[in-house]
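Asks: To start, I am sharing the structure in question, which I have written as structure tokens.
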């Protein structure tokens, strides 16, 4: 997989690398097989992206957000969710209840990269744009 990312979009590799490395640990606290798949396809050394404090922060945030989102989905099973700044996040796979509708929003070049890693899925739409734009 060949990716060209700008400086801002390159930061998406940090949580991706952390989630992949955590998934491969013996006692992993999260499971993100898609992150592992993407890192292997990119054939990148994750060391520069996976520092201790970043690692723990990404994992804690992932656990917390997944847990909170699952609670929201439990209360509103037909929710429409917009994942702003989606990067290479695969949260949809971790929280999907079979009914939610999901939008992954990110900058245009990030969505181009995301489309190389993620296939189109039912109930998931990728949108290229900026949360700061009103159109």
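The values are calculated or read from the model by the stated rules, or taken from the named source; none is laboratory data. None of the values given here were measured: they were computed from a predicted structure. A quick note on method: Cβ atoms are made from the backbone with ideal geometry, for glycine too, and the neighbour counts reach across all protein chains shown.
Asks: So, in the range 107-122, exactly how many residues are in a loop (DSSP other than H, G, I, E, B) and in contact with a helix residue (DSSP H, G or I) (Cβ under 8 Å, 6 or more places away or on another chain)?
Replies: Residues meeting the conditions: 2.
Asks: Quick check on this structure: which one of 39, 73, 63, 44 is free of Cβ contacts under 8 Å to residues at least 40 places away in the same chain, surrounded by fewer than 18 Cβ atoms within 10 Å (Cβ to Cβ) and closer than 21 Å to residue 106 by Cβ?
Replies: Selected residue: 44, the only one of 39, 73, 63, 44 that is free of Cβ contacts under 8 Å to residues at least 40 places away in the same chain, surrounded by fewer than 18 Cβ atoms within 10 Å (Cβ to Cβ) and closer than 21 Å to residue 106 by Cβ.
Asks: Looking for something under 25 Å from residue 131 (Cα atoms), assigned to a helix (DSSP H, G or I) and modelled with pLDDT of 95 or more - is there at least one such residue anywhere in the range 41-54?
Replies: No.
Asks: Something else: If you scan the range 62-94, which residues turn out to be under 12 Å from the mean Cα position of the chain (by Cα) and in a helix (DSSP H, G or I)?
Replies: Residues satisfying the conditions are 62, 65, 66, 91, 92, 93, 94.
Asks: Okay, next question. Restricting attention to the range 99-106, does a residue exist that is modelled with pLDDT of 95 or more, assigned to a loop (DSSP other than H, G, I, E, B) and either surrounded by fewer than 18 Cβ atoms within 10 Å (Cβ to Cβ) or on the phi > 0 side of the Ramachandran plot (or both)?
Replies: yes
Asks: Mind telling me which of the residues 99, 123, 115 ends up being in contact with a strand residue (DSSP E or B) (Cβ under 7 Å, 6 or more places away or on another chain), touching a residue at least 12 places away in the same chain (Cβ under 8 Å) and more than 16 Å from residue 15 (Cα to Cα)?
Replies: Exactly one residue qualifies, and that residue is 123.
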